[in-house]
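Every number in this text was worked out from the coordinates using simple rules, so none of it is lab data. Here the structure is a predicted model, which means the values were calculated and not measured. Heads up, the Cβs are rebuilt from the backbone with ideal geometry, glycines too, and the neighbour counts pull from every protein chain shown.
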Amino acid sequence: MHKIYCLILFTLFTCALYSQNPPPSAKDTISVAQDSLKKREFLKQLGNGFLPTKFINLDLRYLIKFNQYEGLRTGLGGVTNENFSKKYRVNSYVVYGFKDHRFKYKIGGGFRINEASNTWINLSYTDDLQETGSSIFLTDKRFFSFFEPRLLNIDLFHKHITKALAIEHQFSDHLLSETEFAISKIDPTYDYTYNIDGVSYDNFEVSTAKVSLQWSPKSDFETSDGTVVERKTGYPRFTLQFTQSFKDILNGDFNFFKTDFRAVHHFTYNDDVFTQATLTSGLALGNTPLTHLYHAYPNNITKETVLQRFSVAGINSFETMYFNEFFSDRFATLQIKHFVKPFKITERYRPQLVLISRFAFGDMSNIERHQNIEFSTLSKGYSEAGIELNKLLFGFGLSFAYRYGAYHLPSFADNIAAKFTFNVTL
C-alpha cells in the first residue's frame, strides 16, 4: 500500500511540475544555445591555462608545481580581462616553495597602444628562480602547457631579480613578436664561480635586449581579453630570438650575444598517423656565464638503478641524459617522433605507440672559466632511441629510451630510462 501511495504522489508531483513549465519556446532554445556557447568558451579558456572570473582570469601555471630545489611550489597568479579594462591590464603572481621556504613573485602590468596590431607595452618586476642553461623564448609565455613533466626533476636554479620593459606586437595573424629590455641580478643557488681574466663572479648583473619572433603560417589565432590565443595549431612553426647583453650599461657585467632558433613540423599521413620533427639550436658569443648558456633538455635523475630513476617523461627532452651532465655555448638538437595508428581495443580505449629518435651536438669554448662545477660537452654527438605507449589508463602511459653512440655508458643499466607518460587534452 505504501508503494502505491508513493507512486501516486510521484505522478501528481510530476504532473504539477509539467503544468508549471510549458514546452520549450524559441526563447528557451536561444537561452540553451547561449549557455552552450558559454560552456565552450569556458573550456577553451581552461585549455589555454586560465580559469575565467568576472574581472580576472586566474593563471593555472602557478597553482601547483614541483621541482627538486623548491619541493612543492604553489601559489596564485592571474591577469585582468576585458571586463576590467580593454586598454589596461595587471598580470602578477605569487608562489611559495615549501623546501626552500621562500616566496617568489611578479608584479606586472601593461597598456595597449594599438588595438589593430594588438600592441602592448608591459612593465614588470620579478623575483623568482630560473633553470640554469634554459633558454626561454619570450613568445612561449603566451602558450600554455597543461603539464610540464621536466620540472619535476630540475635541481639547478639561479635566483634572479628582473626589472623589464616589454613590447608585444602582432605583425600579422601569423607573426607574433615581443621585444624586451631588462636588467637582472643573478645569484646561483649552487656553488659556481665565473672567472674572466682573473676576476671572479659568484653573482652578477646583466643588462639585456631581446627580440623574439614566432611565425606560424598555418595556425589560426584570435584575440581574447587582449591576449593572442592559438585557436588551431598548424605546422610548420618557427621561433627565432636574439639576445644582446651590454657591459657597463645599467651595471651590466658582461658583453655577450645569443641567437636561438626552433622549428617544429608535422608530416601528416592521415588523421591518426603523423611524424613530428623538432629542430632547436643556440649560439652564445662573448663572455657568457653558465646561467645563460645551454643544456640539451636532459630529463634523467642521477640515481643508481632504473627503478630509482623512474619518473615522468618529458615532451621534448632527452630521457637518458642526466641533469647537469652537459652544457654548451653552441648546440643543436633534432627530435623525431613517429605516431603509429592507435590500437583500437574498443571505441574509446585506443592506446598509441610512438617511435622516437633524438640527436644532440654541441661544444663550448673557454670551459675553464666555469669553476666549482663539473660537466661535459656534446662535441662527439649524443644519440638515444625510444618508444612510448600512450593513453593506457586515464591519460597515463609508459616510456622506454636507450642511450647509444659516443656517450654510451659502461654499465648497460645506466643507458636505460623507463618512465611513465601523461597526455591530456581539454
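A few notes on this one:
- Using distinct alpha-carbon pairs, which all enter the 1/r mean, Kirkwood radius of region 46-100 in Å: 12.0
- A simple rule links phi to the HN-Hα coupling: the Karplus curve 6.51 cos²θ - 1.76 cosθ + 1.60 with θ = phi - 60°, which for region 376-389 gives 10, 10, 9, 5, 8, x, 10, 9, 8, 10, x, 9, 10, 10 Hz, with x for Gly and Pro.
- 15 Å Cα-Cα reach of residue 54 towards aspartates and glutamates, excluding residues that sit fewer than 8 places from it in its own chain: 41, 82, 225
- Extension gain, residue 65 to residue 187, is 41.7 nm, computed as 0.36 nm per intervening residue step minus the present C-alpha separation.
- R0 of 25 Å, Cβ-Cβ distance residue 270-residue 211: FRET efficiency to nearest 0.05: 0.05
- Counted residue by residue at 0.36 nm each, then reduced by the alpha carbon distance between them, the extension gain from residue 127 to residue 99 reaches 8.4 nm.
- For region 304-365, the square roots of the Cα gyration tensor eigenvalues, ordered a ≥ b ≥ c, give a/c of at least 1.5 with a/b no greater than b/c, which places it in the oblate category.
- Extending 7 Å from the Cα toward the beta-carbon at both residue 53 and residue 140 defines two label points whose distance is 2.9 nm.
- Simple label model, 7 Å out from Cα along Cβ direction - residue 119 to residue 398, nm: 5.6
- Contour minus Cα-Cα distance for residue 85 and residue 343 (0.36 nm per residue): 88.0 nm
- Relative contact order (%) - criterion: Cα under 8 Å, at least six apart; region: region 294-426: 26
- With all pairs of separate Cα atoms included, region 50-261 yields a Kirkwood hydrodynamic radius of 18.6 Å.
- Coupling constants for region 230-241 follow from the phi torsions by the Karplus curve (6.51 cos²θ - 1.76 cosθ + 1.60, θ = phi - 60°), and in residue order they are 7, 6, 9, 7, x, 10, x, 10, 10, 10, 9, 9 Hz; glycine and proline get x.
- Of the chymotrypsin sites (Phe, Trp or Tyr not before Pro) found in region 312-395, those that fall in a DSSP loop while having at most 13 other beta-carbon atoms within 10 Å are 343, 349, 394.
- At most 11 other Cβ within 10 Å, DSSP loop - trypsin sites (Lys or Arg not before Pro), region 296-349: 344, 348
- Set of aspartates and glutamates with alpha-carbon distance to residue 258 below 13 Å, sequence-local pairs under 8 removed: 329
- The label point for residue 250 and the one for residue 308, both projected 7 Å from the Cα toward the Cβ, are 4.5 nm apart.
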